[in-house]
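Everything below concerns the one structure shown next.
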Amino acid sequence: MAKAKFLITGGAGFIGSEIVRQLLDQGYFVRVADNLSKKDSQIDKRAQFFKVDLTNFKDAKKVFAGIDVCINAAAKIGGIGYFHKYPATILSENNKIYSSTFEAAIANRMKRMVYISSSMVFESTTSFPSRESDITKIPPPITSYGFSKLTGEWYCHAFWDQYRLPFSICRPFNAYGVNEFPEQEPGYAHVIPDLIRKILNGQYPLELLGDGQQTRCFTHVSDVASGIIAVALHKNGQNQDFNIGTDKEIKMIDLAATIWNLMGMKKSLKVKFVKGFQFDIKKRVPNIQKIAKMINWEPKVKFEDGLKEVINWLKVQKSQGKLEN
């Protein structure tokens with residue numbers, strides 16, 4: 001697939017833009033389709049770019065023309081506060097995106113649809129670490145976002161069953177890295193940039209949602225992107241689903257302490273726990289053996305190295321007045 005032409009929907013977003021960068025660095029033709037709805041949207045000038053509303057089938061059909069592989073990363077997404085405030089928008093808009101993009105892929109006889117799902121499809125599980133095969137055994141997600149991402153996985157299976165559209169499903173687990181700005185409203189940001197912003201702004205005691213005992217497994221965005229690309233290019237990736245991430249688990253209270261220490265704060269960490277959200281998942285851990293065995297991929301970035309990178313980047317953004325208080 002050395003000469004494959006790629007379309008990245010949502011290619012101006014946090015994960016999408018890193019996928020674009022890596023593919024371009026490897027010499028592939030890349031087309032980006034995005035509506036630029038995120039304030040931190042970024043377009044690699046080497047890519048062909050279309051500003052487009054992907055809920056519109058006619059527009060989607062045009063941007064899929066002449067493409068071999070679509071990495072479908074377009075979606076309504078945000079932190080847990082966003083999930084709670086806009087459940088109908090998330091469900092409605094994401095389903096419209098899936099319908100138009102999958103139908104556009106069929107109309108243009110695509111070679112493969114690589115769908116970017118989410119670890120949130122496992123939000124109802126009680127089995128850890130979560131295996132890909134668990135997805136048909138556990139209750140469906142209870143949030144609109146988690147349910148919408150699972151719906152996208154069903155699009156993959158349904159369009160294969162009816163139209164023989166080859167697919168790959170990738171489930172990133174808690175991506176972090178530079179180029180992701182925090183939000184001011186509680187729960188809208190992902191936790192790492194949110195905590196760094198609060199510390200840079202002198203918040204003390206440091207506010208944490210919930211009891212701090214929630215656990216996550218954080219994966220650097222460059223690793224997430226390389227895993228998705230590896231699946232997209234590998235013959236073993238066709239008609240398969242893969243967890244993409246690390247299985248190294250950390251509690252949120254320990255994450256806060258790690259960031260606090262890496263930022264060289266003089267006083268001891270003091271935390272104020274604030275009421276969390278109804279659907280805050282307590283534990284999320286992937287089993288990553290399948291992608292290691294079938295695709296020969298594993299994450300490379302050490303967590304503390306990645307955290308230092310994000311801390312330094314956000315310090316620069318603050319110094320340039322780009323980071324909100």
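The values are calculated or read from the model by the stated rules, or taken from the named source; none is laboratory data. Fair warning: this is a prediction, and the values are worked out from it, not measured in the lab. Counting neighbours? That spans all protein chains shown, and the Cβs are built from the backbone with ideal geometry, glycine included.
Could you pull out the residue among 133, 144, 124, 117 that is under 20 Å from residue 244 (Cα atoms) and either under 17 Å from the mean Cα position of the chain (by Cα) or basic (Lys, Arg) (or both)? Walk me through how you get there before you give the answer.
Values: 133 fails: either under 17 Å from the mean Cα position of the chain (by Cα) or basic (Lys, Arg) (or both); 144 fails: under 20 Å from residue 244 (Cα atoms); 124 fails: either under 17 Å from the mean Cα position of the chain (by Cα) or basic (Lys, Arg) (or both).
Exactly one of 133, 144, 124, 117 is under 20 Å from residue 244 (Cα atoms) and either under 17 Å from the mean Cα position of the chain (by Cα) or basic (Lys, Arg) (or both), namely 117.
Name the residue, out of 55, 9, 89, that is among the hydroxyl-bearing types (Ser, Thr, Tyr), surrounded by 23 or more Cβ atoms within 10 Å (Cβ to Cβ) and closer than 28 Å to residue 120 by Cα.
On the way: 55 fails: surrounded by 23 or more Cβ atoms within 10 Å (Cβ to Cβ); 89 fails: surrounded by 23 or more Cβ atoms within 10 Å (Cβ to Cβ).
Only one candidate qualifies: 9.
Would region 281-298 turn up any residue that is assigned to a loop (DSSP other than H, G, I, E, B), of a type in the set (Lys, Arg), at pLDDT 95 or above and surrounded by fewer than 18 Cβ atoms within 10 Å (Cβ to Cβ)?
If we filter region 281-298 for residues that are assigned to a loop (DSSP other than H, G, I, E, B), which is where we start, we get 281-285, 287-288, 295-298.
Pick out the ones that are also of a type in the set (Lys, Arg) and you get 282-284.
Now drop any that are not at pLDDT 95 or above, which leaves none.
No, there is no match, as no residue in region 281-298 is assigned to a loop (DSSP other than H, G, I, E, B), of a type in the set (Lys, Arg), at pLDDT 95 or above and surrounded by fewer than 18 Cβ atoms within 10 Å (Cβ to Cβ).
Here's the yes/no breakdown for (1) over 30 Å from residue 64 (Cα atoms); (2) in contact with a strand residue (DSSP E or B) (Cβ under 7 Å, 6 or more places away or on another chain):
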position: 116; (1), (2): no, yes
position: 119; (1), (2): no, yes
position: 138; (1), (2): yes, no
position: 149; (1), (2): no, no
position: 164; (1), (2): no, no
position: 168; (1), (2): no, yes
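Go through region 197-247 residue by residue and tally those that are under 19 Å from residue 293 (Cβ atoms) and out of contact with any Pro (no Cβ under 9 Å at 6 or more places or on another chain).
Of the residues in that region, 12 qualify.
On the given criteria, is residue 257 within 27 Å of residue 202 (Cα to Cα) and in a helix (DSSP H, G or I)? If you could, list the steps in order and put the result at the bottom.
On the way: within 27 Å of residue 202 (Cα to Cα): yes; in a helix (DSSP H, G or I): yes.
It is true that residue 257 is within 27 Å of residue 202 (Cα to Cα) and in a helix (DSSP H, G or I).
If you check residue 94 against the conditions, is it closer than 22 Å to residue 180 by Cα and in the same structural domain as residue 165 (by TED's automatic domain parsing)?
yes
For region 26-106, which fully contained strands (runs of 3 or more DSSP E) count at least 1 residues that are over 20 Å from residue 225 (Cβ atoms) and among the aromatic types (Phe, Trp, Tyr)?
48-51
Taking into account only those residues within region 145-165 that are of a type in the set (S, T, N, Q) and under 18 Å from residue 125 (Cβ atoms), which is surrounded by the most Cβ atoms within 10 Å (Cβ to Cβ)?
Top of the filtered list is 148.
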